[in-house]
1. Under a point spin-label approximation (7 Å from Cα along Cα-to-Cβ), what is the Glu151-Ala113 distance to one decimal in nm?
2. How large is the dipole of segment 123-234 about the Cα centre if only Lys and Arg carry +1 and Asp and Glu carry -1, each at its Cβ, rounded to the nearest 20 debye?
3. What's the local net charge at Thr311, with K and R +1, D and E -1, over the other residues with C-beta under 14 Å away?
4. Which value in deg cm²/dmol, rounded to the nearest 500, describes the helix-derived mean residue ellipticity at 222 nm for the chain, given -39,500 (n - 2.57) per DSSP H run of n ≥ 4 and division by the residue count?
5. Apply the a/c threshold of 1.5 to the C-alpha gyration tensor of segment 269-321 and tell me whether it is rounded, prolate or oblate.
6. Taking 0.36 nm per residue of sequence separation and subtracting the Cα-Cα distance, how much length would be gained by fully extending the chain between Lys240 and Asp56, in nm to one decimal?
7. Please give the residues of segment 284-311, grouped as numeric ranges, whose backbone N is less than 17 Å from a label point set 7 Å along the Cα-to-Cβ vector of Thr317.
8. Which listed residue (Asn237, Gly200, Val302) has the Cα farthest towards the positive end of the charge dipole for the chain, taking +1 on Lys and Arg C-beta and -1 on Asp and Glu C-beta about the Cα centre?
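All of the numbers you see were taken from the coordinates with simple rules; none came from a lab. Everything numeric here is computed off the predicted structure, so don't read it as measured data. Reconstructed Cβ throughout: ideal geometry from the backbone, glycine too, with neighbour counts over all protein chains shown.
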Amino acid sequence: MKSPLLSLPGAVPAEGADEGVAAHYGDLFREQRTLADGTGFVDLSHRGVVAVTGGDRLSWLHLLLTQHVSELPAGEATEALILSAHGHIEHALYLVDDGTTVWAHVEPGTQEALIAYLESMKFFYRVEVADRTEDFAVVHLPAGSIAEVPEDVVVRETAYGRDLFLPRAGLEEFAAAYGPAAGLLAYEALRVEHHRPRLGFETDHRTIPHELGWIGTAVHLQKGCYRGQETVARVQNLGKPPRRLVFLHLDGSEVHLPAAGTELRLADEGPDGRKIGFVTTSVRHYELGPVALALVKRNVPVDARLLAGDTAAAQETVVEP
């Protein structure tokens with residue numbers, strides 16, 4: 001979905017998974033400060049939007065998701081995962097129920113596979129699942145924003161701001177009233193600062209929730225009966241995850257950021273040492289400078305100095321070893 005807001009002055013299109021919206025509007029650090037100050041908005045209209053209706057929607061989703069949603073109050077935001085039979089993360093959903101419909105936004109392009117899975121699990125339950133991406137656009141108001149939300153717009157409010165499920169036809173009118181717009185790079189810089197994992201960025205085909213700190217926020221440990229629950233319980237009660245998420249402070253003298261997938265090694269072993277992890281997301285932060293999220297092997301010492309390719313990196317613990 002190509003956003004009409006790419007026509008705004010200074011808009012530079014994002015690439016890769018975020019294609020279709022603006023990476024920035026000409027001033028990355030100003031846009032970050034704007035969001036940090038609680039003003040402006042972010043165009044997330046490339047994200048998939050899925051709606052679930054019907055009298056059994058919450059009890060049915062409760063059986064499929066990692067989160068406890070059977071009694072989710074109307075208006076309360078939550079997030080949840082769908083796991084494989086082996087406990088690997090397949091989908092991440094950012095949810096809110098408005099009293100009649102569960103609304104979720106998901107990573108761009110993942111809604112079709114998600115809906116196919118949900119449809120296969122309907123059985124006799126009174127539920128209907130719909131792809132509403134063509135009709136609704138997600139926009140983000142940052143934490144601290146005092147902007148009044150348009151009437152009849154579904155809002156998902158979290159500690160990091162408010163996600164609005166806005167009728168797509170009203171996107172340009174919204175931008176004119178709620179600007180200035182901030183691009184995806186500003187939004188991602190704040191996400192990395194807050195150590196928030198993202199499907200397809202911090203995950204690969206074998207990621208389990210414990211590795212990313214999604215236990216508690218997206219995985220409820222006092223419920224069962226969902227696919228992959230056995231792996232979650234086993235790791236929680238009997239073991240440790242093989243990898244852990246870390247936050248990296250990168251050498252600011254380097255011109256280029258290490259790209260996603262850049263191999264990590266112990267600085268003491270040099271650039272030819274054994275691989276102990278990889279960068280997942282790297283950004284330039286308006287206050288912290290170049291920083292990144294990364295996955296490392298669980299047994300890497302928490303105080304070890306690292307190399308991201310040729311770039312020196314100091315780690316902060318996100319997930320305890």
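1. Result: 4.2 nm between the two label points.
2. Values: 12 positive and 17 negative charges, 130 e Å.
Here the size comes out at about 620 debye.
3. Numbers: positive: Arg265, Arg284, Arg305; negative: Asp251, Glu254, Glu263, Asp310.
Result for the neighbourhood of Thr311: -1.
4. Details: 7 runs with 59 residues, N = 321.
Here the helix-only value at 222 nm equals -5000 deg cm²/dmol.
5. Numbers: a/c = 1.92, a/b = 1.29, b/c = 1.49.
Oblate, because a/c is 1.5 or more while a/b does not exceed b/c.
6. On the way: separation 184, 0.36 × 184 = 66.24 nm, distance 3.57 nm.
Using 0.36 nm per residue and subtracting the Cα-Cα distance, I get 62.7 nm.
7. The answer is 294-306.
8. Asn237
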